[in-house]
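The values are calculated or read from the model by the stated rules, or taken from the named source; none is laboratory data. Note that the structure is predicted; figures quoted are calculated from it, not measured. Cβ: placed from backbone, ideal geometry, glycine included. Neighbour counts: every protein chain shown. Only protein heavy atoms, including side chains, enter the accessible area calculation; ligands, DNA and RNA are left aside. Shrake-Rupley method; radii C 1.70, N 1.55, O 1.52, S 1.80 Å.
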Amino acid sequence: MKKLLIRGRVLSFRDEPASADDHEAYCYYEDGAVLVEGGLIRQSGAYADVVAAAGSDFETVDHRPHLIMPGFIDTHIHYPQTQVVASYAANLLEWLNTYTFVAEQKFADEQHAQFITERFLDELIRHGTTTAVAYCSVHPQSADAYFRASQYRGMRMLGGKVMMDRNAPPALCDTAQSGYDDSKALIARWHGVDRLEYVITPRFAITSTPAQMEASGALAAEFPDMCIQTHLSENHDEIAFTKQLYPDAPDYLGIYEHYGLLGNRTLLGHSIHLEAREVAVMAETGAIAVFCPTSNLFLGSGLFDRDRLKANGVRMAVATDIGGGTSFSMLRTLDEGYKVLQLRGQRMNPFQSFYMMTLGNARALSLEDRIGTLEAGTEADLVVLDSCATAPMRLRMAAGATLEQELFLLQTMGDDRAIVETYIAGKPMKKALA
Ligand code: GUN
Ligand code: ZN
């Protein structure tokens, strides 16, 4: 395959920016380029250096004056909830029972699963997201459809079928044994195939019996390097019900701890209302608190306490949580995240936001050697951003903007219209969808 030289302003992160003045934390080239070959980044940096290294046989795509960054990563999303977004409910449990558990039943039909997963992946690409960690429905065929469509697009995608064996409609329940067996068969079919990774997915403690929690723990022990995803302390009623179901547990997290589900690839969606012991155990085990701001505001779940978690050494990631979340866009997500933190009196500068969407989320998944950066040898998943995508954005930019101000504008006013192109393994994918 011919080399591709992608030219534009280039931004990537080396580390989490301590402040907006932490220039060591990021690399920015006003006239930059990324050289891609065989799906991988060969080199990135100043255009003059990259073009000199490219040799003679390459094509050029000129995205100037747009901004090229590593593709966005979404660490918590439910693909079967693509048609659940914007469902009117008072709180999490009402929303789950009234809409979500109804919509997810349709995924017993593999054709429906395929129809939705293809549109879901198209939406990710349209919004500049190149990797996501998804919950599928309880039906193994929903995961087959998801992985097949992701493989076809060449995307680095993670996901798993939810295990749930109580407190849900019978049509959505597996059993401890079938959940284990189906997960294991999916692992054999998909884990490590091309760019795909299986994720062990007990939905949350409310929908799993102790026997199913034990089966999840057995999977985790058999596949110690595999990601695990579940939900934790999102809503006060959820927490109270969980404690009733597991009266011997010291707290909500103690359930997952007891069944051996905590490690440095465990993604704990929401993690809002935490006791001190839970925070300490998360820090100790390296488990990740996943901030889902649009969902937390939409369902009225609560305000994520980033500074408390950070002060205690807890790792963090950020995600849309479609369909509790209200947008596929990581720009919209970080905008809402900024506002959640504002309400808590906590500050998040734009460099930190864009770090979180890219390298920060890659690190949370322990995938920073493959995605989330523009380092040579990593996978060429890129997003190209237009800060003048709409008339109000153009007007704001015309008033003059530093890079920091431009990023803040992209986050505050940007959405899918600001995504000029999305490259998956070096292939432009967004324009082809239009
Ligand atoms: N807790 C258990 N399942 C879900 C879900 O699908 N969405 C959200 N937001 N919380 C959950
Ligand atoms: Zn969720």
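Assorted remarks:
- Hz values of 3J(HN,Hα) by residue in the range 146-162 - Karplus curve (6.51, -1.76, 1.60), Gly and Pro given as x: 4, 5, 4, 5, 5, 4, 4, 7, x, 8, 7, 10, 10, x, x, 6, 6
- Spacing of the two label points (7 Å from each Cα toward its C-beta) at D307 and D237, in nm: 3.1 nm
- Here the Karplus curve 6.51 cos²θ - 1.76 cosθ + 1.60, taken at θ = phi - 60°, turns the phi angles of the range 279-285 into couplings of 4, 5, 5, 4, 4, 5, 8 Hz, with x standing for Gly and Pro.
- For the range 10-121, a crude dipole built from +1 on the beta carbon of Lys and Arg and -1 on the beta carbon of Asp and Glu, taken about the Cα centre, is about 400 debye to the nearest 20.
- Projecting the Cα atoms of G414, L395, V281 onto the dipole axis of the range 280-434, where Lys and Arg carry +1 and Asp and Glu carry -1 at the beta carbon, places L395 farthest toward the positive end.
- Spin-label pair S19/Q151, simplified geometry with 7 Å Cα→Cβ offset, distance in nm: 5.1 nm
- Antiparallel DSSP beta bridges within the chain, percent to nearest 5: 45 percent
- The range 280-431: C-alpha gyration tensor shape, a/c 1.5 cut-off, then a/b vs b/c: oblate
- Relative to the longest principal axis of the Cα atoms of the chain, the long axis of helix 403-413 lies at roughly 50 degrees.
- For H66, the residues whose amide H sits under 5 Å from its own are R9, ignoring neighbours fewer than 5 places away on the same chain, with H placed 1.01 Å from N.
- Taken as Cα centroids, the range 385-413 and the range 119-165 sit 32 Å apart, rounded to the nearest whole angstrom.
- Amide H contacts of V318: T75, F291, each under 5 Å away and 5 or more positions distant or on a separate chain (H built 1.01 Å from N in the peptide plane; Pro and chain starts excluded).
- Counting only protein heavy atoms and a 1.4 Å probe, the chain has 36 square angstrom of accessible area per residue.
- Segment A52-A376, extension gain: residue separation times 0.36 nm, minus the distance between their alpha carbons: 115.1 nm
- The chain - charge dipole about Cα centre, Lys and Arg +1 at Cβ, Asp and Glu -1, debye rounded to 20: 740 debye
- The range 76-82 - phi-based ³J(HN,Hα) in whole Hz, Karplus 6.51/-1.76/1.60, Gly and Pro as x: 7, 7, 10, 5, x, 9, 4
- Gyration tensor verdict on the chain (Cα atoms; rounded if a/c is under 1.5, prolate if a/b is larger than b/c, oblate otherwise): prolate
- Here the label points at K2 and R189, each 7 Å from Cα along the C-beta direction, are separated by 3.8 nm in the simple model.
- P(r), alpha carbons of the range 171-295 - 5 Å bins starting at zero, rounded %: 2, 11, 21, 23, 21, 13, 7, 2, 0
- Accessible surface of the chain, 1.4 Å probe, proportion on carbon and sulfur as whole %: 51 percent
- Selection from A205, F58, T129, by position along the positive dipole direction of the chain (Cβ): F58
- Local net charge near F107, Cβ-Cβ under 12 Å (Lys/Arg +1, Asp/Glu -1): -2
- Entries of K2/K427; K2/K431; K106/K431 with Cα pairs more than 23 Å apart: K106/K431
- Amide H contacts under 5 Å for V199, placed H, 5+ residues apart: G159, G160
- Prolate/oblate/rounded label for the range 100-170 (Cα gyration tensor, a/c 1.5): prolate
- With every protein chain in place and a 1.4 angstrom probe, the accessible-area ranking of R277, R156, largest first, reads R277, R156.
- Calculated FRET efficiency for the pair R64/K427, C-beta based, R₀ 22 Å, to 0.05: 0.60
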